[in-house]
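Colleague: Below: one structure in structure tokens.
The values are calculated or read from the model by the stated rules, or taken from the named source; none is laboratory data. Everything numeric in this text was worked out from a predicted model, so none of it was measured. Quick reminder, even Gly has a Cβ in these numbers, built from the backbone with ideal geometry, and neighbours come from all protein chains shown. When the accessible area is computed, the model is the full protein with side chains, heavy atoms only, and any ligands, DNA or RNA have been set aside. Shrake-Rupley method; radii C 1.70, N 1.55, O 1.52, S 1.80 Å.
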Amino acid sequence: MQGFFSFIKSMKGKFFSFQIPLEKRITYAMVIFATAGEIFGFIESLLLGLPLPAILLPFFSIIFLMALSVWGFQTKNTNLFAMLAIGICSLIIFPLMFFVNSGLDGGMEFYLMLTIVTIALALRGWTRLIFFAIALVENVGLFIIHRHIPEIFIIFTEDDAFIDKVCSMAISCVVLFFFSYTVSKQNAHDREKIKYLSDLYEKQANTDELTGLFNRRYFNNFLKLAIATLADSGSLHLAMFDIDDFKHVNDKYGHPFGDVVLKKFAAILQEREKLGATACRYGGEEFLLLIPKKSRDEAVEIVKEILSDTRTSIEIEKNRCVTVSAGFLTCGENLSFEETMQEVDKKLYEAKKSGKDRIVS
């Protein structure tokens with residue numbers, strides 16, 4: 001029994017995984033259940049002692065549908081497989097069964113609903129509309145023929161007709177449930193995938209690829225909003241950092257090593273995000289740190305700690321570490337975004353000019 005369930009699970013993974021197009025999975029389901037229905041119909045016809053045509057039609061249908069299934073599992077042409085499978089089942093086999101299963105007295109009207117649902121789910125574009133129109137016209141014609149020329153249909157006894165209706169209803173309900181479940185699972189999977197991709201694209205659009213910090217575009221918008229709402233959010237401080245002699249580091253040790261330095265400094269800034277700060281790589285070796293809801297002295301102390309961590313942890317050679325300079329500014333409502341950026345940039349310039357590895361506030 002365990003081996004049987006393992007086989008079913010492997011088949012499900014191979015033919016009904018989310019990597020298989022939804023249309024193909026629905027077509028697989030239709031062919032499989034149509035085959036199962038024909039097998040059940042063949043057994044039912046034998047047990048009920050129905051006329052020979054009612055026995056032979058499901059028998060040959062089983063053979064044909066199994067061959068179609070094998071081809072369908074192997075082909076990569078989803079649209080062709082869907083058209084052939086649905087066309088053969090809904091437009092040929094089901095109508096023939098209508099004649100040998102007592103017409104409207106049997107259960108074939110349930111398969112009409114199954115046909116319409118399958119066409120709607122598994123086909124696309126004009127093919128869907130054409131198949132729907134053919135199926136509708138064909139089944140309306142069968143209903144009219146049954147009403148006016150009932151003698152050309154194989155007639156069941158009342159008990160046999162009842163059994164056929166119950167069986168047809170059960171098979172159709174199982175198939176429709178499976179279709180609905182498959183589509184529901186697919187929709188849930190698609191929603192999760194869309195959300196994942198949306199979050200991924202948003203992250204890629206807003207972050208610096210090398211360091212993982214926010215990029216300049218995002219930070220500019222964030223800072224503008226923070227300045228605009230300064231009266232509500234309280235104190236706000238901005239620090240601009242520049243890695244000292246970074247061009248020399250790149251020239252002497254190579255750009256890959258320079259990238260390592262940038263990543264390590266970015267990690268130091270990210271440590272301060274636990275304090276509510278927001279870090280950004282502004283461009284090249286320049287970084288920004290926005291520190292909200294701290295006193296000026298507390299914010300300055302945070303920046304000093306960053307300078308200290310840098311000179312002790314980012315080593316470029318024995319007994320020599322990277323240093324950074326910083327400009328510090330407490331934002332005010334009287335300063336616009338542009339003025340804020342100009343002021344903090346001036347202070348950074350003063351720090352570089354006055355000897356580097358220091359903060360000017």
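Colleague: Near Lys224, which aspartates and glutamates are there with a Cα under 12 Å away, not counting those fewer than 8 places off in the same chain?
Modeller: Here the aspartates and glutamates satisfying the reach criterion relative to Lys224 are Glu333, Glu338, Glu339.
Colleague: To continue, here is another question. Which order, highest average first, do 47-54, 287-294 follow once you tally other Cβ atoms within 10 Å for each residue and take the mean per peptide?
Modeller: Packing order, densest peptide first, comes out as 287-294, 47-54.
Colleague: Next question, about the same structure. Which one of Ser361, Thr75, Ile92 is farthest out on the positive end of the charge dipole of the chain, using unit charges on Cβ (Lys, Arg +1; Asp, Glu -1) and the Cα centre as origin?
Modeller: About the Cα centre, the residue reaching furthest to the positive side is Ser361.
Colleague: With every protein chain left in place, what is the accessible area of Tyr218 in Å² (1.4 Å probe, nearest 10)?
Modeller: 60
Colleague: While we're on this one: Heads up, I need the accessible area for Thr229: 1.4 angstrom probe, whole protein in place, Å², nearest 10.
Modeller: Estimated to the nearest 10 Å², Thr229 gives 50 Å².
Colleague: In addition: Accessible area of the chain with a 1.4 Å probe: how many percent of it is carbon plus sulfur?
Modeller: It is 62 percent, rounded to a whole number.
Colleague: Could you provide, to the nearest whole Å², the per residue accessible area of the chain with probe 1.4 Å?
Modeller: Ligands and nucleic acids excluded, the result is 54 Å² per residue.
Colleague: 222 nm [θ] for the chain, helices only, -39500 (n - 2.57) per DSSP H run of 4+, per residue, to 500?
Modeller: -23000 deg cm²/dmol, from helical runs alone.
Colleague: A follow-up question, please. With everything on Cα atoms, drop me the angle between helix 158-206 and the longest principal axis of the chain, reported from 0 to 90° to the nearest 10.
Modeller: 10
Colleague: Moving on. Could you give the length gained on full extension between Phe222 and Phe60, defined as 0.36 nm per residue of separation minus the Cα-Cα distance, in nm?
Modeller: Extending this stretch completely gives an extra 51.3 nm.
Colleague: Could you state the orientation-averaged shadow area of the convex hull built on the Cα atoms of the chain, in nm² to one decimal?
Modeller: 30.2
Colleague: Can you tell me how segment 179-266 classifies by the Cα gyration tensor, rounded, prolate or oblate, using a/c under 1.5 as the rounded cut?
Modeller: Cα axes put segment 179-266 in the oblate bin.
Colleague: Quick query: amide H of Cys331 versus all other amide H atoms, modeled in the peptide plane; which residues come in under 5 Å with a sequence gap of 5 or more or a different chain?
Modeller: Placed amide hydrogens put Leu236, His237, Leu238 under 5 Å from Cys331.
Colleague: Restricting to Cα pairs below 8 Å that are 6+ residues apart, what does the relative contact order work out to for segment 161-293? Please round to a whole percent.
Modeller: Dividing the mean separation by the residue count of segment 161-293 yields 27 percent.
Colleague: Of all DSSP beta bridges in segment 230-361, what percent run antiparallel (nearest 5)?
Modeller: Among the beta bridges of segment 230-361, antiparallel pairing accounts for roughly 90 percent.
Colleague: Same structure again: Could you give the size of the charge dipole of the chain about its Cα centre, using +1 on the Cβ of each K and R and -1 on the Cβ of each D and E, expressed in debye and rounded to the nearest 20?
Modeller: In debye, rounded to 20, the chain gives about 880.
Colleague: Can you give me the C-alpha center-to-center distance between segment 173-187 and segment 287-361, rounded to a whole angstrom?
Modeller: 59
Colleague: Mind listing P(r) for segment 106-183? All alpha-carbon pairs, 10 Å bins, whole percents.
Modeller: Whole-percent P(r) values from 0 Å outward: 17, 38, 33, 11, 0.
Colleague: Any chance you could give the angle, 0 to 90 degrees and rounded to 10, that helix 337-353 forms with the longest Cα principal axis of the chain?
Modeller: 50
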